[in-house]
Amino acid sequence: MQGTAFALFDTVIGRCGVAWGVSGLIGMQLPEATPGAAWARLRKRFPEAVETPPSPAIEQIIERVLDLLTGGRDDLTDIPLDLTGVQAFNLRVYEIARAIAPGETSTYGQVARAMGEPGAARAVGKALGENPWPIVVPCHRVLAASGRMGGFSAEGGASTKAQMLTLERARTSPVPTLFDLEFSVAPPRGS
């Protein structure tokens with residue numbers, strides 16, 4: 001395939017998009033507030049890309065993303081990304097973020113420490129805000145200190161981030177949720 005292309009697809013969180021080229025994914029698009037806005041954002045981000053039905057390989061990536069957003073555990077780490085033009089610091093952040101499994105979380109500070117740069121939590125947050133591949137590079141799994149949501153550059157901000165973490169059944173606080181209690185309570189005797 002020559003050039004770049006994109007396609008939109010519906011998920012439980014709204015209409016998402018994927019853009020790709022010969023070297024892998026060049027971007028993912030999270031839902032926007034209005035119909036057509038995800039399309040417009042993809043066109044703005046990738047003006048040379050042509051809207052195209054997904055190839056079988058891209059269709060498989062879309063299916064894997066859909067599965068993840070309905071509680072699947074695929075970490076998507078083997079999906080090829082086109083890293084052209086991404087700053088070295090951001091690449092290090094994305095590599096660490098991709099290692100965070102579905103249902104798990106980290107913090108900006110923990111990512112910075114894992115990079116050997118313990119004072120770089122804000123720079124980590126900035127890099128994650130520039131993430132071209134949300135979901136595939138799971139920036140939503142990186143929280144502020146003490147489990148606070150922190151920033152999220154997608155439409156809906158922290159509430160979209162929280163929704164994605166809920167779909168993954170991620171624990172964002174040491175306080176048990178009703179979901180946690182559902183699995184820790186023994187069934188009544190005689191059942």
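The values are calculated or read from the model by the stated rules, or taken from the named source; none is laboratory data. It should be emphasised that the depicted structure is a prediction, and the values quoted were computed from it without experimental measurement. Note that we place each Cβ from the backbone using ideal geometry, even for glycine, and neighbour counts take in every protein chain shown.
Looking only at residues in region 66-85 that are under 16 Å from residue 164 (Cβ atoms) and of a type in the set (D, E, K, R), the one that is surrounded by the most Cβ atoms within 10 Å (Cβ to Cβ) is 75. Checking every residue in region 142-155 against the condition of being at pLDDT 95 or above, not assigned by TED's automatic domain parsing to the domain that holds residue 37 and not in a loop (DSSP other than H, G, I, E, B) gives zero matches. When region 33-53 is filtered for residues that are surrounded by 14 or more Cβ atoms within 10 Å (Cβ to Cβ), under 20 Å from the mean Cα position of the chain (by Cα) and not in a helix (DSSP H, G or I), only 46 remains.
Out of everything in region 18-29 that is crowded, with 17+ Cβ neighbours inside 10 Å and at pLDDT 95 or above, what residue ends up being farthest from residue 66 (Cα to Cα)? By that ranking, first place goes to 21. Could you tell me whether region 116-129 includes any residue that is surrounded by 21 or more Cβ atoms within 10 Å (Cβ to Cβ), of a type in the set (Lys, Arg) and within 29 Å of residue 42 (Cβ to Cβ)? So far as region 116-129 goes, no, none of its residues is surrounded by 21 or more Cβ atoms within 10 Å (Cβ to Cβ), of a type in the set (Lys, Arg) and within 29 Å of residue 42 (Cβ to Cβ). Would you pick out the residues in region 86-102 that are out of contact with any strand residue (DSSP E or B) (no Cβ under 7 Å at 6 or more places or on another chain), of a type outside the set (A, V, I, L, M) and surrounded by 15 or more Cβ atoms within 10 Å (Cβ to Cβ)? Selection gives 89, 90, 92, 102.
Scan region 103-114 and tell me whether some residue there is in contact with a Phe, Trp or Tyr (Cβ under 9 Å, 6 or more places away or on another chain), at pLDDT below 95 and crowded, with 19+ Cβ neighbours inside 10 Å. Spell out how you get there, then give the answer.
First pass over region 103-114, keeping only residues in contact with a Phe, Trp or Tyr (Cβ under 9 Å, 6 or more places away or on another chain): none.
Looking for residues that are in contact with a Phe, Trp or Tyr (Cβ under 9 Å, 6 or more places away or on another chain), at pLDDT below 95 and crowded, with 19+ Cβ neighbours inside 10 Å, one finds none in region 103-114, hence no.
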